[in-house]
Each structure stands twice: as structure tokens, then as C-alpha cells.
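Please read the structure below before turning to the comments.
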Amino acid sequence: MFRLEKRRFWVWFSLCAYGVMILVNALANIIPINNITTGAVSDAYFNLFAPTGLTFAVWGVIYLLLGVYAVRQVLDLRPKAGGSVDPDNIRINAFFAVSSLANIVWIFAWHYRIILLSLFLMLVILACLILISFPLRKQDPMTKAAFGVYFGWITVATIANVTTFLVSVGVPDNTVGATIQTAVILLVGLAIAGLTILIQKNIGYGLVLIWAYLGIYLKHIDPEQFDRGYAAVYNMALFAMIVLILLTAFIVVQPYLSRVKRKRKTAE
């Protein structure tokens with residue numbers, strides 16, 4: 001009974017936190033908070049990592065998937081067979097709620113250009129999603145998709161936040177340094193994303209990383225934006241994108257290959 005009440009609390013709390021998060025993110029650009037939009041703050045810290053504007057449309061997909069997840073949790077507020085409650089479900093909702101609250105505070109820190117605080121809050125969101133990712137394999141496909149996509153984008157957003165912080169403190173202070181730094185960041189991002197894809201085997205995570213690197217590549221080859229002015233950056237983005245496509249394709253076909261291998265062993 002205690003676990004059921006605990007689950008009920010976190011389900012409702014996470015739904016409320018999610019709702020407020022959506023509202024604050026919307027008002028941040030409608031009002032806008034501190035008379036500046038979220039994107040305009042990003043543009044104020046020129047860097048070579050930020051993807052083209054269309055890439056950020058993924059937020060709509062993320063909020064929709066998370067909304068479906070939150071509503072489904074409320075509709076499923078009943079104990080499982082035998083009166084048991086999955087403790088992993090409680091953890092997921094608890095960390096989801098904390099991540100939503102951190103997202104809300106992040107908006108204010110970002111709009112008021114308290115970049116170091118915004119970076120700390122982004123790391124809190126990332127930590128919550130890392131903790132959610134551990135029990136995620138046992139969950140249903142919809143839950144895996146929702147948090148896989150969110151985790152993937154927050155991985156990118158964290159790297160972007162780190163880049164913005166470095167720019168805010170004057171690192172690097174020249175174009176050559178910015179090019180090298182961004183190429184290295186893209187490579188590090190690829191290493192992190194690649195390992196996560198192989199460990200978590202979450203297709204949604206992989207697809208979002210591919211989308212992000214595609215956005216960076218498109219911005220760099222766009223004649224109206226960077227117009228191929230930073231070859232090291234867009235070539236690294238293209239290389240990373242190809243590797244991520246291959247890794248994601250691998251985890252898609254791996255279950256099939258494993259089944260074929262087992263059938264062959266059985267036949268022998």
C-alpha cells in the first residue's frame with residue numbers, strides 16, 4: 001500500500017511539474033522573459049556548435065512524447081497483478097519530476113544570462129535522465145521512446161551549454177581556436193553518444209543525435225549561414241553523423257542477427 005501511495009504521489013507530481021515546465025518554456029518566448037527569447041540568448045554567444053534553427057523543432061516531439069507518457073501514467077494508477085508496484089516506475093517518475101523542475105529554473109537562469117548556473121541545472125537534468133536510463137530497458141516501447149529522445153537531446157543541449165559557457169568566459173579568443181575547439185567537442189560528443197547507443201540500445205537516443213549532428217552540418221554548409229567557412233567543423237559533423245547512423249542501424253538489426261544465430265545453433 002505504501003508503494004502504491006508513493007507511486008501515486010510521484011505520478012501526479014511529475015505530471016504537474018511537466019505541465020508547469022511546458023507553460024514556462026512557452027511563456028519564455030511569448031512574453032518573453034527578460035525581454036529576450038530563448039534562441040536569442042543562444043545567438044548572443046556566437047559559437048560553431050549550435051545547429052540550424054529547424055533542428056530545435058525536436059522539442060515539439062519531446063514534449064509530445066513526455067506528455068503522452070505522463071498522461072498514461074495517470075490513467076494507469078492502479079497496482080499490478082498481486083498488488084505489486086514496480087519500484088523502477090517510481091524512480092522514473094521521481095527523476096522525471098526533478099528534471100522538469102530543473103528545466104523550469106534553467107529557463108530563468110538562461111534568460112537572465114547566468115550561464116554558469118544554467119550549466120549546473122543542465123547537468124542536473126542530464127543526471128536525472130542518466131538515472132532514468134538504467135531501468136528504461138524493462139519499460140514499454142513508448143516509455144523507452146519518450147525518455148530515449150529526451151536523453152539524446154539533453155546530451156546535445158549539455159554540450160551546447162558547455163560551449164556557451166566557454167564562450168561567455170572568452171574561450172577561445174580567436175577563429176582558429178574556435179574551429180579546433182568545436183571539432184574536438186564534436187568528437188567527444190560522438191564518443192559519448194556512441195557508447196551510450198551501444199550500452200542503452202535505445203533507437204530514439206540514436207536518432208536524435210543523428211538529427212542534431214545533421215543540424216550542425218546543414219548550418220555549416222548553408223550559404224546564408226557559415227557557407228562552408230569552417231571545414232574542420234562540418235567535416236567532423238558529417239563523419240560523426242555517419243558513425244551514429246551505422247551504430248543506430250546496428251542496434252536495430254542486432255536482435256534479428258541474434259535470433260538468426262540462435263536458430264543456426266539450434267539447427268546444428
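The values are calculated or read from the model by the stated rules, or taken from the named source; none is laboratory data. Note that the structure is a prediction, hence the values are computed from the model and not measured. We place every Cβ from the backbone using ideal geometry, glycine too, and count neighbours over all the protein chains shown.
Identification of helices (runs of 4 or more DSSP H) wholly contained in the range 13-117 with 3 or more residues that are β-branched (Val, Ile, Thr) yields 58-75, 87-111.
Could you tell me which residue of the range 130-164 is farthest from Tyr45 (Cα to Cα), considering only residues that are part of a helix (DSSP H, G or I), polar (S, T, N, Q) and in contact (Cβ under 8 Å) with a residue 40 or more places away in the chain?
At the first step, the residues of the range 130-164 found to be part of a helix (DSSP H, G or I) are 130-136, 141-164.
Restricting the remaining residues to those that are polar (S, T, N, Q) gives 133, 143, 155, 158, 161, 163-164.
Then keep just the ones that are in contact (Cβ under 8 Å) with a residue 40 or more places away in the chain; that gives 133, 143, 155, 161, 163-164.
Values: Ser133: 31, Thr143: 35, Thr155: 19, Asn161: 10, Thr163: 9, Thr164: 6 Å.
Of everything passing the filter in the range 130-164, Thr143 is farthest from Tyr45 (Cα to Cα).
Selection of the range 83-97 for residues being in contact (Cβ under 8 Å) with a residue 60 or more places away in the chain and surrounded by 18 or more Cβ atoms within 10 Å (Cβ to Cβ) yields Val85, Asn89, Ile90, Asn93, Ala94, Phe96, Ala97.
It is to be established whether one or more residues within the range 219-228 are closer than 28 Å to Leu117 by Cβ and either at pLDDT 95 or above or not in a helix (DSSP H, G or I) (or both). Show your work before the answer.
At the first step, the residues of the range 219-228 found to be closer than 28 Å to Leu117 by Cβ are 219.
Those left that are additionally either at pLDDT 95 or above or not in a helix (DSSP H, G or I) (or both): 219.
Within the range 219-228, one or more residues are closer than 28 Å to Leu117 by Cβ and either at pLDDT 95 or above or not in a helix (DSSP H, G or I) (or both).
When Pro79 is tested against (1) farther than 30 Å from Gln181 by Cβ; (2) modelled with pLDDT of 95 or more; (3) surrounded by fewer than 19 Cβ atoms within 10 Å (Cβ to Cβ), exactly one condition is not met: (2). Remark: pairs (first residue in the range 28-47, without any contact (Cβ under 8 Å) to a residue 60 or more places away in the chain; second residue assigned to a helix (DSSP H, G or I); Cβ separation under 7 Å; 6+ apart in sequence or on different chains) = Asn29/Thr38; Thr37/Asn29. Contact annotation: residue pairs with Cβ atoms under 7 Å, 6 or more positions apart or on different chains, pairing a residue in the range 103-129 that is without any contact (Cβ under 8 Å) to a residue 24 or more places away in the chain and surrounded by 16 or more Cβ atoms within 10 Å (Cβ to Cβ) with a partner that is of a type in the set (Ser, Thr, Tyr) and part of a helix (DSSP H, G or I), are Trp106/Ser118; Ala109/Ser118. Checking Leu244, Leu238, Leu257 one by one, the residue that is in contact (Cβ under 8 Å) with a residue 40 or more places away in the chain and either surrounded by fewer than 10 Cβ atoms within 10 Å (Cβ to Cβ) or not basic (Lys, Arg) (or both) is Leu244 and no other. From the list Val252, Val171, Val167, which one is under 26 Å from Leu126 (Cα atoms), surrounded by fewer than 21 Cβ atoms within 10 Å (Cβ to Cβ) and at pLDDT below 95? On inspection, the qualifying residue turns out to be Val171.
Looking at the range 57-68, which of its residues are surrounded by 15 or more Cβ atoms within 10 Å (Cβ to Cβ) and either in contact (Cβ under 8 Å) with a residue 60 or more places away in the chain or touching a strand residue (DSSP E or B) at 6+ places or on another chain (Cβ under 6 Å) (or both)?
Here is the first cut: in the range 57-68, the ones surrounded by 15 or more Cβ atoms within 10 Å (Cβ to Cβ) are 58, 61-63, 65-67.
Listed by number, the residues that qualify are Val58, Val61, Ile62, Leu65, Leu66.
Here Ile199, Ile216, Ile180 are screened, and the one residue that is under 18 Å from Ala157 (Cα atoms) and assigned to a helix (DSSP H, G or I) is Ile216. Restricting attention to the range 184-200, the residues that are within 16 Å of Asn161 (Cα to Cα) and buried (at least 18 other Cβ atoms within 10 Å of the Cβ) add up to 3.
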